[in-house]
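Readers should treat all values here as calculations from the given coordinates under stated rules, not as data from a laboratory. All of these numbers come straight from a predicted model, not from anything done at the bench. Cβ coordinates were reconstructed from backbone atoms using ideal geometry, including for glycine residues, and neighbour counts include every protein chain displayed.
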Amino acid sequence: MFKIRRVFDDTLSIDRQAITEVQKIIRDQFPDASETEEILSLPDKLKNPLKYRFRSILFVADNQHGNVKGFALVHHEPVLGFSFLDYLSVAPRLSSRGIGGALYQRIREEAIQLRSECLACECLPDDTRLCNDPKLMIQNRSRLRFYERFGAFPVVNTRYETPLQEGDDCPPYLVIDILTLKKPPSSTWTRQMVQAILERKYGHRCPPGYIRSVVDSFTDNPVMLRPPRYSKKEVHIPFIPVQSLDKRIALLTSRDHQIHHVRERGYVEAPVRIPAIEKEIMKLEIFDRHATRAHPESHITAVHDKKYVAYFKRMSENLKPGESVYPYVFPLRNTVRPPRELALRAGYYCMDTFTPLNRNAFMAARKAVDCTLTAADLLLAGYRMSYALVRPPGHHAERKVFGGFCYFNNAAIAANYLCRQGTVAVLDIDYHHGNGTQDIFYGRRNVLTISLHGHPNIAYPYFSGFEDERGDGKGTRYNINFPLDENVSARTYEDTLRKALEHIHAFNPSFIVLSLGLDTAKGDPTGSWNLTADNFYSNGLLIGSLKKPILVVQEGGYRIASIGKNARYFFSGLQKGMTTG
């Protein structure tokens with residue numbers, strides 16, 4: 001079994017490993033290119049496209065252990081609008097397992113999305129007048145038969161296959177796949193493409209006179225492609241979108257979330273929220289379900305105070321089924337000597353009077369953390385998008401206190417976890433300020449925290465989220481708040497979101513953790529804004545356009561009638577933003 005995914009850069013260890021294995025395959029199968037600057041510079045090509053005058057795109061087919069079974073390296077020229085397949089190769093002894101065909105289908109899909117006029121490549125000839133090596137001829141015919149199956153044929157009546165040096169053997173054909181076009185491209189456009197390929201890829205070897213001679217030989221208008229040679233008629237394999245990890249969203253849902261069910265009147269954070277969202281988003285057919293894996297409690301105590309975690313666990317264990325404890329005494333005068341009685345101590349660790357402790361609260365919150373960390377693991381395993389559809393939510397949970405229906409800060413724990421691999425930006429778009437996330441990272445500079453929310457003058461938690469809260473010490477300027485008025489138009493919200501994304505773009509994080517609140521929607525019982533499904537789509541599109549690995553963590557959203565539809569529209573926009581352009 002194998003999966004296909006795009007490698008964007010060498011930030012993640014799994015991608016560094018993939019690039020190394022790709023370079024090894026090239027050395028094994030293309031000895032002439034083994035130690036050239038072209039291969040050694042592969043990591044830099046993926047990160048700095050302008051430097052090399054091509055946008056390099058690398059796809060790998062690997063297994064669950066990250067072992068690369070095959071790869072495709074494509075160069076995109078956005079001005080002329082063509083894609084050039086530089087390498088398509090499968091690891092030795094694996095050529096008959098469908099890997100090459102799946103990679104080529106993924107390349108075609110990408111080229112079409114990039115609006116390429118054609119997908120070009122080079123292939124060694126199957127003509128004995130051009131190739132004298134019988135063994136090589138067998139391979140050449142096999143490759144050309146492969147491309148012919150997809151509707152890609154050599155260009156004829158040109159000098160492209162002219163040897164660079166007299167006596168050179170096996171000069172390559174130029175092979176063109178016209179993709180969705182009805183006829184081959186014009187001679188004028190093709191000459192520009194050929195000149196770009198020869199100058200940028202072979203300029204260090206090909207004299208200007210040679211390049212000019214080859215370019216000028218493209219006189220047929222449109223260019224002529226060789227008729228089918230390996231099939232009786234022109235039969236193309238139909239275009240089939242390939243399941244590629246960079247287009248999929250890993251979905252994690254804690255099946256134990258329903259054990260935390262507070263039935264008191266007015267407690268809107270109910271179990272029904274999860275299936276309402278899940279039912280709608282699965283209509284998109286872009287989600288891959290994954291099982292949750294348990295993670296050590298040390299990831300929680302790396303973010304939350306150990307005494308608070310121990311108290312929360314002990315208190316939950318001591319309560320009877322159906323029994324809830326609400327804080328009602330708070331340590332305003334003495335914050336260093338908590339009461340001996342556990343029930344009275346609730347106010348020592350809580351910031352409001354409506355978030356109860358009960359027998360199942362700790363277990364449900366613990367499972368939500370496991371869910372979120374598993375979603376983070378899947379980003380590290382090659383997904384570009386993952387979604388922790390969890391409850392209870394977490395962004396109000398500070399280092400030492402809980403509240404706002406939140407006990408453990410799922411997003412903050414995941415952000416801290418991902419910091420082992422690079423910098424993180426936490427973007428909170430819940431209606432309420434993410435005071436817990438701000439509190440946890442207020443003094444750090446490797447995590448940028450940004451929150452768009454109702455102004456604390458009118459919205460919970462009231463005491464935080466002001467614009468002048470900018471961070472402390474090393475974290476100064478790494479906490480940004482956008483408090484908004486009680487009544488905000490969709491246009492104003494989108495303009496504010498664009499400003500927030502500009503800050504993230506400038507920070508250039510390795511990962512984004514998104515605290516997704518759907519309580520910004522019209523009619524939500526806890527908010528005052530009026531965002532519609534179309535607005536959620538637009539916001540998702542903008543966030544996805546950052547094209548950074550993103551972990552979405554569910555926070556608020558309590559209008560059951562619309563919560564699922566709004567989530568579906570958001571993820572539709574997010575996926576489109578991540579995978580197009």
Worksheet item: Can you run phi through the Karplus equation (6.51, -1.76, 1.60; θ = phi - 60°) for the range 137-149 and list ³J(HN,Hα) in whole Hz, with x for Gly and Pro?
Response: 4, 4, 5, 4, 5, 5, 5, 5, 5, 4, 5, 4, 4
Fill in: Computed [θ] at 222 nm, helices only, for the chain once each DSSP H run of length n ≥ 4 contributes -39500 (n - 2.57)
-11000 deg cm²/dmol
Worksheet entry | As computed over the range 396-551, the Cα convex hull volume per residue (Å³) | 100 Å³
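In Å, the Kirkwood hydrodynamic radius of the chain over pairs of distinct alpha carbons? Mind dumping the intermediate values first?
Numbers: mean 1/r = 0.0379 Å⁻¹.
After inverting the pairwise mean of 1/r, the radius is 26.4 Å.
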Worksheet item: How large is Rg over Rh for the range 3-216, taking Rg from the Cα atoms and Rh as the Kirkwood inverse mean of 1/r across Cα pairs?
Response: 0.94
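Work out how much length THR188 to ASP534 would gain on full extension: take 0.36 nm times their residue separation and subtract the Cα-Cα distance, in nm to one decimal.
Working: separation 346, 0.36 × 346 = 124.56 nm, distance 4.26 nm.
Result: 120.3 nm gained on full extension.
For the chain, what proportion of DSSP beta bridges, expressed in % and rounded to the nearest 5, is antiparallel? Show your work: numbers first, answer last.
On the way: 33 of 72 bridges.
Antiparallel bridges: around 45 percent, rounded to the nearest 5.
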Response to the item:
Counted neighbours (other Cβ, 10 Å), sorted fewest up, put ASP352, ASP534, ASP370 in the order ASP534, ASP352, ASP370
Worksheet item: Using the alpha-carbon atoms, what tilt in degrees (0 to 90, nearest 10) does helix 361-380 show relative to the longest principal axis of the chain?
Response: 20 degrees
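With charges set only on the Cβ (+1 for Lys and Arg, -1 for Asp and Glu), what does the dipole of the chain come to about its Cα centre, in debye to the nearest 20? Each step should come with its number before you reach the end.
On the way: 77 positive and 63 negative charges, 227 e Å.
So the magnitude is around 1080 debye.
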Worksheet item: Across the range 189-194, in residue order, what do the Karplus-derived ³J(HN,Hα) couplings come to in whole Hz, using 6.51 cos²θ - 1.76 cosθ + 1.60 with θ = phi - 60° and x for Gly and Pro?
Response: 5, 5, 4, 5, 5, 4
Item to complete: Putting +1 on Lys and Arg Cβ atoms and -1 on Asp and Glu Cβ atoms, find which of MET315, LEU514, PHE408 reaches farthest to the positive end of the dipole of the chain.
Response: MET315
Practice prompt. Evaluate the charge dipole of the range 3-216 about its Cα centre and quote only its size in Debye, nearest 20, assuming +1 on the Cβ of each Lys and Arg and -1 on the Cβ of each Asp and Glu.
Written response: 680 debye
Worksheet item: What list of ³J(HN,Hα) values in whole Hz, one per residue of the range 65-79 in order, does the Karplus curve 6.51 cos²θ - 1.76 cosθ + 1.60 (θ = phi - 60°) give from phi, with Gly and Pro shown as x?
Response: 9, x, 7, 6, 9, x, 7, 9, 10, 10, 10, 10, 10, x, 6
Response to the item:
Ranked output for segments 432-440, 57-65 by mean other Cβ atoms within 10 Å, highest leading, reads 432-440, 57-65
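So for the chain, averaging the separation of alpha carbon pairs under 8 Å that are six or more residues apart and normalising by length, what relative contact order in percent results?
Working: 1181 pairs, mean separation 62.4, N = 581.
Computed value for the chain: 11 percent relative contact order.
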Discussion item. Quick check: pseudo-label points 7 Å beyond the Cα along Cα→Cβ at HIS204 and ARG498, how many nm apart are they?
Written reply: 4.2 nm
Worksheet item: Which one of LEU136, ALA196, GLY81 has its Cα pushed farthest toward the positive end of the charge dipole of the range 3-216, where Lys and Arg give +1 and Asp and Glu give -1 at the Cβ?
Response: GLY81
Discussion item. Give me TYR326, TYR407, TYR493 sorted ascending by neighbouring Cβ count inside 10 Å, so fewest comes first.
Written reply: TYR326, TYR493, TYR407
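Based only on other Cβ atoms within 10 Å, what is the fewest-to-most ordering of ASP472, ASP220?
Numbers: ASP472 12, ASP220 16.
In increasing order of surrounding Cβ atoms, one gets ASP472, ASP220.
Using only C-alpha positions, report the orientation-averaged shadow area of the convex hull of the range 236-307, nm², one decimal.
Details: hull surface 33.9 nm².
In nm², the orientation-averaged hull projection of the range 236-307 is 8.5.
What FRET efficiency do you get for ASP169 and ARG115 if R0 is 45 Å and r is their Cβ-Cβ distance, rounded to the nearest 0.05? Can you show the working numbers first?
On the way: r = 37 Å, r/R0 = 0.83.
Efficiency for this residue pair is about 0.75.
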